[in-house]
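Only one structure is covered here, and it is reproduced in the block below.
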């Protein structure tokens, strides 16, 4: 007997439904979510233009500070004023509870930071200006500011600004004598650079690659004003410096904040890549006079010397 070639209608429907499912893409049934753009920040990416291990060198383990002194100029009251500028770079141990240099090295919440102090006193015919900026970076993160305080003092008044990293953004508090800037706080973008930090952060560049890149940069905070800082999309360009422009072989880094505002930094080619020279669009200049390593802070008195301990100034 010949077998019938007729397929039962039920089986046919099942087959057709299966065929339809096979011919229909998953995307037609359930649209795929739009993939998130990958985060590729040049400041934090591994293997980028910055060496995150730059400050891990044993040089910084000797307990001494690098103290660099510069012949400097800055325009005040429309005139270029000459003065001395000091950059201090040193490793410290912070504690998490107070987020400052610890006195107790047995604590369990310690972490190492690099401190950079920038100090100057500028004389004018009216009165002197004093500026001190303290920047702190986790030792293995030379590109990400951990904390910054900056203050100015002169006869019109004093101004104080502090910036801290809360992990998501920067929180800034300020207090000044300027109208409209008396006291307050604001949020700033994270994963940016600060102009004040460039003399330190740019030392960690992988100079030999001659990197060119664009990164957001907040304008200089070492001022007497406390207005909301301008954020630039700055272009960084690296090249060999001309031999006649510095006292030793150097790298030249140009930072174009915008088309009209360009800063130039010269760093020694040999480690620790000391800042040798600096010029900025607003007339600030630095030229290295000397650099040395020493403990500039007073030594702590012996435990038995209670009288000295009561009067000993603290860092």
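Observations
- Members of segment 273-292 that are surrounded by fewer than 17 Cβ atoms within 10 Å (Cβ to Cβ) and in a loop (DSSP other than H, G, I, E, B): 281, 282, 283
- Some residue of segment 48-55 being modelled with pLDDT of 95 or more, in a strand (DSSP E or B), surrounded by 14 or more Cβ atoms within 10 Å (Cβ to Cβ) and more than 18 Å from the chain's Cα centre (by Cα): no
- When residues of segment 141-176 are limited to those that are assigned to a loop (DSSP other than H, G, I, E, B) and out of contact with any strand residue (DSSP E or B) (no Cβ under 8 Å at 6 or more places or on another chain), the one nearest to residue 189 (Cα to Cα): 168
- Applying the criterion of being under 20 Å from residue 275 (Cα atoms) and assigned to a strand (DSSP E or B) to the residues of segment 188-212, the residue that is farthest from the chain's Cα centre (by Cα) is 212.
- Of note, residue 135 satisfies the criterion of being modelled with pLDDT of 95 or more and either touching a strand residue (DSSP E or B) at 6+ places or on another chain (Cβ under 9 Å) or surrounded by fewer than 20 Cβ atoms within 10 Å (Cβ to Cβ) (or both).
- Selection within segment 125-140 - over 30 Å from residue 58 (Cβ atoms) and outside any strand (DSSP E or B): 125, 126, 127, 128
- Take the conditions (1) outside any loop (DSSP other than H, G, I, E, B); (2) at pLDDT 95 or above; (3) surrounded by fewer than 15 Cβ atoms within 10 Å (Cβ to Cβ); residue 244 misses just one of them, which is (2).
- Per this entry, residue 80 is counted among residues that are within 30 Å of residue 179 (Cα to Cα) and touching a residue at least 60 places away in the same chain (Cβ under 8 Å).
- Residue match in segment 113-124 (condition: outside any loop (DSSP other than H, G, I, E, B), more than 27 Å from residue 177 (Cβ to Cβ) and without any contact (Cβ under 8 Å) to a residue 60 or more places away in the chain): yes
- Selection count where residues are touching a residue at least 40 places away in the same chain (Cβ under 8 Å) and either closer than 9 Å to residue 203 by Cβ or in a strand (DSSP E or B) (or both), scope segment 261-270: 3
- Of the residues making up segment 177-187, those that are surrounded by 11 or more Cβ atoms within 10 Å (Cβ to Cβ) and either modelled with pLDDT under 95 or assigned to a loop (DSSP other than H, G, I, E, B) (or both) are 177, 178, 181, 182.
- Selection within segment 113-132 - over 23 Å from residue 79 (Cα atoms) and touching a helix residue (DSSP H, G or I) at 6+ places or on another chain (Cβ under 9 Å): 114, 116
The values are calculated or read from the model by the stated rules, or taken from the named source; none is laboratory data. From a predicted model like this one, the values you see are computed outputs, not experimental measurements. For neighbour counting, all protein chains shown are included, and Cβ atoms are generated from backbone atoms with ideal geometry for every residue, glycine included.
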